[in-house]
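The values are calculated or read from the model by the stated rules, or taken from the named source; none is laboratory data. Only a predicted model underlies this, so the values are computations on that prediction, with no experimental measurement involved. Note that each Cβ is placed from the backbone with ideal geometry, even for glycine, and that neighbours are counted across all protein chains shown. Calculation scope for accessible area: heavy atoms of the full protein, side chains included, ligands and nucleic acids excluded. Shrake-Rupley method; radii C 1.70, N 1.55, O 1.52, S 1.80 Å.
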Amino acid sequence: MSDCIFCKILAGDIPSTKVFEDDQIYVFKDLYPKADVHLLVIPKLHIARLDEAKTEHADLLAHMMLSLPTLAKSQGLDTGFRTIINTGPGGGQEVDHLHIHILGGSNLPGFK
Ligand code: AMP
Ligand code: ZN
């Protein structure tokens, strides 16, 4: 998607602070962190929103989910972490490229 900022990050057209990548996912630091650790996990395939994911994406979604604990631990989040997926305007999604937020650290705000 030519106007998608996360696709531009994947293409190297917008700089990012990479934490990890493999053939399916790219992980980088959120530019405006909401906690001591704030990562974004994105698929290399452009899927705009979670509610646009299809059964054919099941393996990719499982891979993203199963990567989270290792990614969190790689950032020192040994006691746990928070994951958030915002979907659509009603969910506060600002970037229309599916992403999982990983948040953690001593600065983690309450969620109630
Ligand atoms: P969401 O509101 O779930 O769509 O989250 C989008 C996230 O992308 C926000 O936390 C932003 O701070 C983050 N963000 C926006 N632009 C960039 C960028 N160029 N590099 C890294 N993170 C970004
Ligand atoms: Zn995209």
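Can you work out the Karplus-derived ³J(HN,Hα) for every residue in segment 91-102? Use 6.51 cos²θ - 1.76 cosθ + 1.60 with θ = phi - 60°, whole Hz, and x for glycine or proline.
With the stated coefficients, segment 91-102 comes to x, x, 6, 9, 10, 8, 8, 2, 8, 10, 7, 10 Hz.
Is it possible to state the helix-based mean residue ellipticity at 222 nm for the chain, with each DSSP H run of 4+ residues giving -39500 (n - 2.57), the sum divided by total residues, to the nearest 500 deg cm²/dmol? What is it? If you can, show how the numbers build up before the last one.
Values: 2 runs with 24 residues, N = 112.
Mean residue ellipticity at 222 nm (helix-derived): -6500 deg cm²/dmol.
Pull up all non-local amide H partners of VAL19: gap of 5 or more, or a different chain, and H-to-H distance under 5 Å with H placed in the peptide plane.
Under 5 Å from the amide H of VAL19 lie the amide H atoms of VAL27, PHE28, LYS29, each far enough along the sequence or on another chain.
Around ILE47, which amide H atoms from residues at least 5 apart in sequence, or from another chain, sit under 5 Å from its own amide H, with H modelled in the peptide plane?
It is LEU98, by chain and number.
For LEU45, LEU103, write out the residues from largest to smallest accessible area, computed with a 1.4 angstrom probe and no ligands counted.
On the way: LEU45 90, LEU103 10 Å².
So the residues, ranked largest to smallest area, are LEU45, LEU103.
Using θ = phi - 60° and the Karplus curve 6.51 cos²θ - 1.76 cosθ + 1.60, what whole-Hz ³J(HN,Hα) does each residue of segment 79-87 get, with Gly and Pro shown as x?
Result, ordered by residue: 9, x, 7, 10, 10, 9, 10, 7, 10 Hz.
What is the dipole size for the chain, taken about its Cα centre, with +1 at each Lys and Arg Cβ and -1 at each Asp and Glu Cβ, in debye to the nearest 20?
Using Cβ point charges on Lys, Arg, Asp and Glu, the chain gives about 360 debye.
Looking at PRO109, VAL19, LEU61, which one has the Cα that reaches farthest to the positive end of the dipole of the chain (charges on Cβ: Lys, Arg +1; Asp, Glu -1)?
Farthest towards the positive pole: PRO109.
Need one word for segment 1-88: rounded, prolate or oblate. Basis is the Cα gyration tensor (sqrt eigenvalues a ≥ b ≥ c); a/c below 1.5 gives rounded, then a/b vs b/c decides. Display every interim value, and only then the final one.
Working: a/c = 1.64, a/b = 1.20, b/c = 1.37.
It is oblate, given that a/c is not under 1.5 and a/b is not larger than b/c.
Round to the nearest 0.05 the FRET efficiency obtained for HIS63 and SER2 when R0 = 30 Å and r is the Cβ-Cβ distance. Can you show the working numbers first?
Numbers: r = 26 Å, r/R0 = 0.85.
Computed FRET efficiency for HIS63 and SER2 comes out at 0.70.
For the chain, what is the relative contact order in percent, using Cα pairs closer than 8 Å and at least 6 residues apart in sequence? Please report the intermediate quantities before stating the final value.
Details: 158 pairs, mean separation 35.2, N = 112.
Worked out over the chain, it gives 31 percent.
List the lysines whose Cα lies under 26 Å from the Cα of LYS44, skipping any in the same chain that are fewer than 8 positions away.
LYS8, LYS18, LYS29, LYS34, LYS54, LYS73
Please compute the net charge surrounding GLY91, taking Lys and Arg as +1 and Asp and Glu as -1 over other residues with Cβ under 12 Å from its Cβ.
Working: positive: ARG49; negative: ASP51, GLU94, ASP96.
The answer is -2.
Could you give me the ³J(HN,Hα) list for segment 19-28, computed from phi with Karplus coefficients 6.51, -1.76, 1.60 and θ = phi - 60°, whole Hz, x at Gly and Pro?
10, 6, 8, 9, 5, 10, 9, 9, 10, 8
Please report, for the Cα atoms of segment 70-112, the Rg to one decimal and the Dmax as a whole number; what are they, in angstrom?
Answer for segment 70-112, Rg first and Dmax second: 12.1, 32 Å.
How much accessible area per residue does the chain have, counting only protein heavy atoms and a probe of 1.4 Å, in square angstrom?
Values: 6760 Å² over 112 residues.
Using a 1.4 Å probe on heavy atoms only, each residue of the chain averages 60 Å².
Go through 53-62, 35-44, 92-101 and give me the packing order, highest mean Cβ count within 10 Å leading. The partial results should precede the final answer.
Details: 53-62: 12.0, 35-44: 20.6, 92-101: 17.8.
Result, highest mean first: 35-44, 92-101, 53-62.
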